[in-house]
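Quick note: the coordinates plus some simple rules give every number you see, no bench work behind them. These numbers were taken from a predicted model, which means no experiment stands behind them. Note that each Cβ is placed from the backbone with ideal geometry, even for glycine, and that neighbours are counted across all protein chains shown.
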Amino acid sequence: YDGVISAGEETHEYAPPELTLNATVAARRTPLDERGAWRRSARAAAAYDMWSVGVLLLEMVVGAPKPLDALDGAARARVSRLVTRAQLLSEQRRGVPHDAERLSRTRERALLAAALDELCVLPPRRSACSDAQFAAVLEARDPLGVGLRDARARHLLRSLLSLEAHGRPTARRALQHAWLRDGGDVDSVAR
């Protein structure tokens, strides 16, 4: 690993919140070399990868791709309307022309934030969301109504989907997690 990732190597749906929710970081993600790649440390790359593993596990649990896009149509429309209204008012107050591209990026971040909030990933809800509530959210998102039955598996999933990069386990730590180490209930995830 040389610390460089190109746009072709990145999958937006698996990008962690430190890149997707932070407007400042997202705006700075301009090419840093002639290949159109940007640099990140090995530690940041590992945290990025563990977020992606969490998204993959979430996909298996809810039985659908793009589980972070799982807000229902009404919720998506409500968030989109609020963001559009706020953006237009802000542009009007500042006397700047409408920026459709900026609005699209802001709406995308707001939808992701709403989905992460629903999944008990964003504070303050994360600390207020009990394991039973998290289990209920996963069950509701699962078309089969099963969710993730094993509490140890939910613990692993929540740690992988930690909002803070430093809060995610390393690959080694994740592989040593009790759910994997002690032969967790594979049927709680398998379809």
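Observations, loosely collected:
- Distance between modelled label sites at residue 89 and residue 64, nm, 7 Å Cα→Cβ extension: 3.1 nm
- Cβ-defined net charge surrounding residue 91, 15 Å radius [Lys, Arg +1; Asp, Glu -1]: +4
- Only one residue of 97, 135, 179 has its Cα farthest out toward the positive end of the dipole of region 59-180, where Lys and Arg carry +1 and Asp and Glu -1 on Cβ, and that residue is 97.
- Judged by the gyration tensor of its Cα atoms, with axes a ≥ b ≥ c, region 106-166 is oblate; a/c meets the 1.5 cut and b/c is at least as large as a/b.
- Alpha-carbon centroids, region 89-128 and region 140-162: separation in whole Å: 25 Å
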